[in-house]
1. In the stretch 587-614, which residues are over 13 Å from VAL537 (Cβ atoms), open to solvent by 20 Å² or more (accessible area, probe 1.4 Å) and hydrophobic (A, V, I, L, M, F, W, C)?
2. Given the condition more than 16 Å from the ligand (Cβ to nearest atom) and open to solvent by 20 Å² or more (accessible area, probe 1.4 Å), answer yes or no: does some residue in the stretch 307-315 qualify?
3. Would you mind telling me which numbered condition in (1) within 24 Å of MET296 (Cβ to Cβ); (2) out of contact with any Leu (no Cβ under 6 Å at 6 or more places or on another chain); (3) open to solvent by less than 10 Å² (accessible area, probe 1.4 Å); (4) more than 16 Å from the ligand (Cβ to nearest atom) LYS355 fails?
4. Which pairs turn up if I take residues in the stretch 193-211 that are at pLDDT 95 or above and surrounded by 18 or more Cβ atoms within 10 Å (Cβ to Cβ) and look for partners that are outside any strand (DSSP E or B) and of a type in the set (Ser, Thr, Tyr) with beta carbon separation below 6 Å, at least 6 apart in sequence or on another chain?
5. Looking only at the stretch 102-127, which residues are over 16 Å from ALA225 (Cα atoms), open to solvent by less than 10 Å² (accessible area, probe 1.4 Å) and among the hydroxyl-bearing types (Ser, Thr, Tyr)?
6. Could you say which residue among VAL60, VAL86 is under 22 Å from MET156 (Cα atoms) and out of contact with any strand residue (DSSP E or B) (no Cβ under 9 Å at 6 or more places or on another chain)?
7. With respect to VAL254, is the statement that it is within 30 Å of LYS65 (Cβ to Cβ), of a type in the set (A, V, I, L, M, F, W, C) and either open to solvent by less than 60 Å² (accessible area, probe 1.4 Å) or away from the ligand (no atom under 16 Å from the Cβ) (or both) true?
8. Go through the stretch 382-415 and count every residue that is open to solvent by 10 Å² or more (accessible area, probe 1.4 Å), of a type outside the set (A, V, I, L, M) and within 10 Å of the ligand (Cβ to nearest atom).
Amino acid sequence: MTSETSRGTALEALYEERRTFPPPPEFAKTANVRDRQVYDRAAQDLEGFWAEQAGTLEWVKPFTKVLSWNAPYAKWFEDGTLNVSVNCLDRHVRAGRGNKVAYYWEGEPGDSRAITFRELLEETARCANALKELGVRKGDRVAIYMPMIPELPTAMLACARIGAPFTVVFGGFSAEALAGRIRDSEAKVLITADGGYRKGNIVPLKKNADDAVAQSSSVEKVLVARRTGHEVPWTAGRDVWWPELVGKQKAECVPEAVDAEHMLYLLYTSGTTAKPKGIVHTSAGYLVGTAATHKMIFDIKEDDVYWCAADIGWVTGHSYIVFGPLANGTTGVMYEGTPDFPDKDRWWQIVEKYKVSVLYCAPTAIRTFMKWGPEHPAKHDMRSLRLLGSVGEPINPEAWLWYHETIGGGRCPVVDTWWMTETGMILITPLPGITTLKPGSATFPFPGVGADVVDEDGRSVPLGGAGYLVLTRPWPAMLRGIYKDDKRYRDTYWSRFEGRFFAGDGAKRDEGGYFWLMGRVDDVMKVSGHRISTTEVESSLVSHPAVAEAAVIGREDPITGQAIFAFVTLRGGSDGGDGLSSELREHVVGKIGSIARPKTIMFTPELPKTRSGKIMRRLLRDIANGQPLGDTTTLADATVVETIRAASAQGRDDA
Ligand code: PRX
């Protein structure tokens, strides 16, 4: 038995003791939030609470009105104007923090850079001027498809500086996924890079970008940052090198004062239908919400070195690598590559090198580190760490305890933070100086946040019970809709329970009122913390000529939380040989990207359907997870499941 497994068992036993972790007294003494009154204050005067937070920002025209709530649309600070990039950069430089490091950037091959707030401001201004030269005006959309290099936050800030909403598309997405987002947002300019590094290889971003632009009509110019230096395809007249165009610009750019409710960005996320939803986030409320939560939940101090290890392509990176931390003038770490390049201790080497004090990452990463073993972190001095965070999916108590012990040395509070692309900011979370933690629980709603657990009929479930998580009050960073689709916005989030936001998550509350998140209740899978819609993967499978029908579910996976399990029915004449299952896998990668690659593909002559023809994914889930089958009485043909079940013993699992 390895030390890893013996430790795992010990931790499991601890969990059965229902251990709780009160704030360490030393931590509590200096914590940013020390007084539980904060909850009452926000509950009694929601607007006053948020107005106070908003007062810490720099406004061009101060707001007089805090909230107008015309459900399901909120406006926050609506008569105020400001500029987001000024709040993230200029005001810190003016306050004498120009030489403070904004980002310690670490490239995967081992190169690194420290970028100060002044340098980031100057490059942002140059990039903003370059965008203007390319014809971008206030309100025009800009698409961004980049690796984790400093030019990525720079590009986002530059867009914010001139009031051009941006949409960042994760660098791991395929050309086709990028094209769909460009088309929906009608982006005028695309910002990309020659490539990026991942596991020692070059990711051909520029080629994907070209393929995407070929499938859309709105993009006029492509601005290309240099990262790998390899040769890339080039379209003269359309493509422009960043070093050439941005490099020659002035390092000042007068910021555009925008309305509080001006769109800051769109971020596309998976839902239960094939088309990704363009989640709309606006300027002031979003910045107020992300800055306040960042400061209070991560207990940010002037000298902290804060590392959120997400990719900026996801909402976690938007809110907690870029906007929240920069608004607070925080020194951050940004890492380009994977945790096991060149070795499995890369993260811990980074923690030691930069003396990281606050680390924020996902349970899937923590479980991977558990699997790799404690010897990797043990090689490094990580005493600089004082607070740990988790996000993206439920963290199992065993992983929580391992994180607390092995990474945090038993001294760092662990904040398990629940939120979504749609919420923009963390909503259910401990406040580390006052909350007694329970491993696996995201604990309580943030001050001012209204969260409830309800049954099918929308009745609040008493403590001790489980149901659907809903949000009952508006919050400043909430989405302002789905881009160009009011109906879908109302249908998806606001129609299931009148007047309340339906998150799509199951939750229970224990007798102490602690929230325990229980995963998605809709057909959205969570693979390594990323939201992937079953429908999207199914559509991409069915677009292969050999496939007649496909049903996809998330199967429990010890590392990635869920792994994609695809049931595929072939068209007549095709047989499901090994060659075909890997071909289908690559087909999905081509359509969506490598995050959506099915781990297991099972060929089956038929799929279980109701009499009305709806695929019963619930049964497929039970089969894939090896669980007893639930109710099968609504099946059109009950023998189908038995056939699948018999075949499932041989499901191909070779990703
Ligand atoms: O199911 C919940 C899960 O992630 C979903 C939102 O995914 P996304 O929009 O990609 O944003 C992830 C990062 C904010 C939620 O509906 N989720 C997120 N955080 C937690 C979580 N589930 C349990 N515990 C969490 N802390």
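1. Just the residues of the stretch 587-614 that are over 13 Å from VAL537 (Cβ atoms), to begin with: 602-614.
Subsequent filtering for residues that are open to solvent by 20 Å² or more (accessible area, probe 1.4 Å) retains 603, 605-606, 609-614.
Listed by number, the list holds a single entry, PHE603.
2. no
3. All conditions are met except number (3).
4. ASP194/THR228; GLY195/THR228
5. Selection gives TYR103 alone.
6. Sole residue among the options that is under 22 Å from MET156 (Cα atoms) and out of contact with any strand residue (DSSP E or B) (no Cβ under 9 Å at 6 or more places or on another chain): VAL86.
7. Numbers: within 30 Å of LYS65 (Cβ to Cβ): yes; of a type in the set (A, V, I, L, M, F, W, C): yes; either open to solvent by less than 60 Å² (accessible area, probe 1.4 Å) or away from the ligand (no atom under 16 Å from the Cβ) (or both): yes.
Criteria met by VAL254.
8. Result for the stretch 382-415: 3.
The values are calculated or read from the model by the stated rules, or taken from the named source; none is laboratory data. Predicted, not measured: the structure shown is a model, and the values here were computed from it. A quick note on method: Cβ atoms are made from the backbone with ideal geometry, for glycine too, and the neighbour counts reach across all protein chains shown. These accessible areas exclude ligands, DNA and RNA; they are computed on the full protein's heavy atoms, side chains included. Shrake-Rupley method; radii C 1.70, N 1.55, O 1.52, S 1.80 Å.
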